[in-house]
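No lab work stands behind these numbers, since they all come straight from the coordinates. Since we're looking at a predicted model, the values are computed, not measured. A quick note on method: Cβ atoms are made from the backbone with ideal geometry, for glycine too, and the neighbour counts reach across all protein chains shown.
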Amino acid sequence: MASSAPTPNPHIAALHAYKPGEQPQGGGWIKLNTNENPYAPSPKVAQAIQALLSEEASVLRLYPSPDSAPLREAAGRLHHFPAENIVAGNGSDDLLNLLIRAYAGPQRPVGMLEPSYSLYPVLAAAQGAPVVKVPVGLDGSFEVKAVVDSGASIFFLTSPNAPLGAALALHRVRELAAVFRGLLVVDEAYAAFADEHAADLPKQFSHVVVTRTFSKGYALAGLRVGYALCSAEVAEVLHRVRDSYNVDRVAQVAAVAALEDTAWLKSTVAKICATRTRVTSVLRDYGWQVNPSSGNFILANPVKPQLSPSVALAESAFQFLRERKILVRRFPQHPLTEKGLRITIGTDAEMDAFLVAARAWTEG
Ligand code: PMP
């Protein structure tokens, strides 16, 4: 090549990209590694997309609603929030990014519970912002004082926590909201599978934001849609920093159709939660240590008779499953997760195949 590319900004040169779970090519995999919903989305979604595409002179030539107004209104009806308190995004990752863009910087640290979602430090690094971490227990417990003392300008609480599965107690989140002075973001990507949620807190606290996604409960990970519930002041800030058309036209109509089919959501979530209960109890019968989960996944330490959980056992179970084309996820970076596998809850048939393999590994 005749020229070399210029170096990027120093903090970008040092940045390590977020590593999403493997998306294997080719068929035959049982994919339990990225917490997707194993069921097809509501049939109303396909109908809405078909109706959109069959409109005269395809409306795809036109830009979508810049601020996703119909989607924000539909979400507002669901949560009893005015649309001005809702911002839509290209997946909830987009909203997490916008929040950091607007509220973090070199002198404004990003706070997070550790372990939790490993995208936050990547977004913080891209913004040149330091990261402060507060420990969270397997049961979702954390010290309110530690979050307050962290000095974070923006703090992410992940509830239910991924990869642990534990939901944070709502009364603890409320307690924290009453004393924390930065922006408090409750990342509720997995709220559909939990008993409690914080979606009403932004009505009471203008410094609390709750993010939601269509990727998990609504089975629309491929479309990339999410939204934030927040005060009108925060919403106005996010609108300033987002792309002008950050949610495409297909995603907008699909998300509205999904939101309105509450019966589909209820029955699909109930199915996944029932499978989660069953898989948890069968794995415990095998001797595996399974952390109670409020998400569409479980964190489990694989164990063989007479042995204690270890990194080596987790690695061995991971490889054994992989050789049988069953993909789960490892989180080797933290003591609470290094001896475990994070297993997405699939269909009953997928989980039966997983359980057969898990048993063969345990007894092998
Ligand atoms: N938050 C958490 C805790 C997640 O695990 C994920 C999905 N990996 C997201 C947010 C992002 O979801 P999406 O961008 O698909 O809405």
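Quick notes on this one:
- Mean residue ellipticity (222 nm) of the chain, computed from DSSP H runs ≥ 4 via -39,500 (n - 2.57), nearest 500: -11500 deg cm²/dmol
- Bins of 5 Å, starting at 0 and running to the largest distance - Cα pair percent for the stretch 318-364: 5, 20, 28, 25, 15, 6, 1
- C-alpha center-to-center spacing [the stretch 13-30, the stretch 268-293] in angstrom: 26
- DSSP beta bridges in the stretch 43-260 [antiparallel fraction, %, rounded to 5]: 35
- Largest first, the three principal axis extents of the alpha carbons in the stretch 73-116 are 37, 23, 18 Å in whole numbers.
- Proportion of all alpha-carbon pairs of the stretch 75-228 beyond 24 Å (%): 25
- In this structure, the pairs whose alpha-carbon distance is over 20 Å, taken from 145/203; 271/304; 31/304; 304/339; 203/271; 216/271, are 145/203; 271/304; 31/304; 203/271.
- The chain: DSSP helices with Cα axial extent of at least 24 Å and average Kyte-Doolittle hydropathy no lower than -1.0: 262-285
- Its alpha carbons give the chain an Rg and a Dmax of 21.0, 68 Å.
- For the pair the stretch 194-253 and the stretch 105-165, the centres of their Cα atoms are 19 angstrom apart.
- Placing a pseudo-label 7 Å from each Cα along the Cα-to-Cβ vector at residue 138 and residue 77 gives an inter-label distance of 4.4 nm.
- Antiparallel DSSP beta bridges within the chain, as percent of all bridges there, nearest 5: 45
- Computed across the stretch 285-364, the Kirkwood hydrodynamic radius from all distinct Cα-Cα pairs reaches 12.6 Å.
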